[in-house]
Amino acid sequence: MKRLRAPLLAVLSLLFLLCVQSCANPAPTRQLLSVTITPDSGTAQGNPGQIQFVATGTYNTAPFTVTPLEANWGVMSFPKSIATTTQNGMATCAQGSSGTTTIEAWVQLTPSVCNVIDSAGRPACGNVAGAAQLTCP
C-alpha cells in the first residue's frame with residue numbers, strides 16, 4: 001500500500017499545481033485586432049454594377065483569422081451616395097452613378113457612447129474597422 005501511496009500523492013500534487021497555475025493565469029481573452037476587406041479595391045461589374053466584398057478578422061488567439069467575418073457594412077455617403085451594401089458585403093452602384101467611394105466593415109466591440117458617426121454609419125469609437133475602395137463605372 002505504501003508503494004502505491006507515494007506515486008498517487010505525486011500525481012495529485014502535480015494536478016493541484018497545474019490547477020493553481022491555470023487558475024492564476026487564465027487563458028487570454030480572445031480579442032479582435034483588425035478587420036481587412038478583400039478585394040481592397042474593385043470596380044463594380046454588370047448592370048446594376050455589383051461587387052462582393054468579404055471581411056476577415058484577425059484575432060490574438062487561435063483561430064487567428066476568421067473569413068468571412070460577421071460585420072456591419074456601410075458605404076461612405078460623402079460627398080454623395082453612389083452605392084449601397086448588404087449586410088453580407090455585396091456592394092451595388094446606384095443607377096446612373098459613377099466615381100469612387102469607400103466601403104467599410106466594422107465590428108462594434110463596446111457599446112457605442114460616441115456622438116460621432118461617420119458617413120458610412122460607423123460609430124467613431126469602440127469598434128475595429130477595415131476599408132476598401134469601390135469604383136462605380
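Quick one: if the Förster radius is 30 Å, what FRET efficiency do Val116 and Asn60 give, using the C-beta to C-beta distance and rounding to 0.05?
That pair, Val116 with Asn60, gives E of 0.65.
Please compute the length gained on full extension between Cys125 and Gln31, using 0.36 nm multiplied by the number of residues separating them and subtracting their Cα-Cα distance.
Values: separation 94, 0.36 × 94 = 33.84 nm, distance 1.60 nm.
Additional length available on full extension: 32.2 nm.
Work out the FRET efficiency for Ser81 and Thr38 from their Cβ-Cβ distance, taking R0 = 22 Å, and round it to the nearest 0.05.
Details: r = 23 Å, r/R0 = 1.05.
About 0.45, to the nearest 0.05.
Starting at the first residue of the range 107-116, write each ³J(HN,Hα) from the Karplus equation 6.51 cos²θ - 1.76 cosθ + 1.60 with θ = phi - 60°, in whole Hz, x for Gly and Pro.
10, 7, 8, 10, x, 6, 10, 7, 9, 10
If I compute solvent accessible area with a 1.4 Å probe over the protein chains, what percent of it on the range 51-137 is carbon and sulfur?
59 percent
Rounded, prolate or oblate, given the Cα gyration tensor of the range 54-95, with a/c below 1.5 counting as rounded? All intermediate terms of the calculation are to be shown ahead of the outcome.
Values: a/c = 4.82, a/b = 2.72, b/c = 1.77.
Because a/c hits 1.5 or more and a/b exceeds b/c, the range 54-95 counts as prolate.
Take each of the peptides 122-134, 57-69, 79-91, average the number of other beta-carbon atoms within 10 Å over its residues, and list them starting from the highest.
Details: 122-134: 18.3, 57-69: 13.3, 79-91: 15.8.
Highest mean packing first, the order is 122-134, 79-91, 57-69.
Quick one: which residues, 5 or more positions from Ala83 or on another chain, have an amide H under 5 Å from its amide H? H modelled 1.01 Å from N in the peptide plane, none for Pro or chain starts.
Ala94
The values are calculated or read from the model by the stated rules, or taken from the named source; none is laboratory data. Since the model is a prediction, treat every value here as computed from it, not as a measurement. No Cβ is skipped: glycine too gets one built from the backbone with ideal geometry, and neighbour counts run over all protein chains shown. With ligands, DNA and RNA removed, areas are computed over all heavy atoms of the protein, side chains included. Shrake-Rupley method; radii C 1.70, N 1.55, O 1.52, S 1.80 Å.
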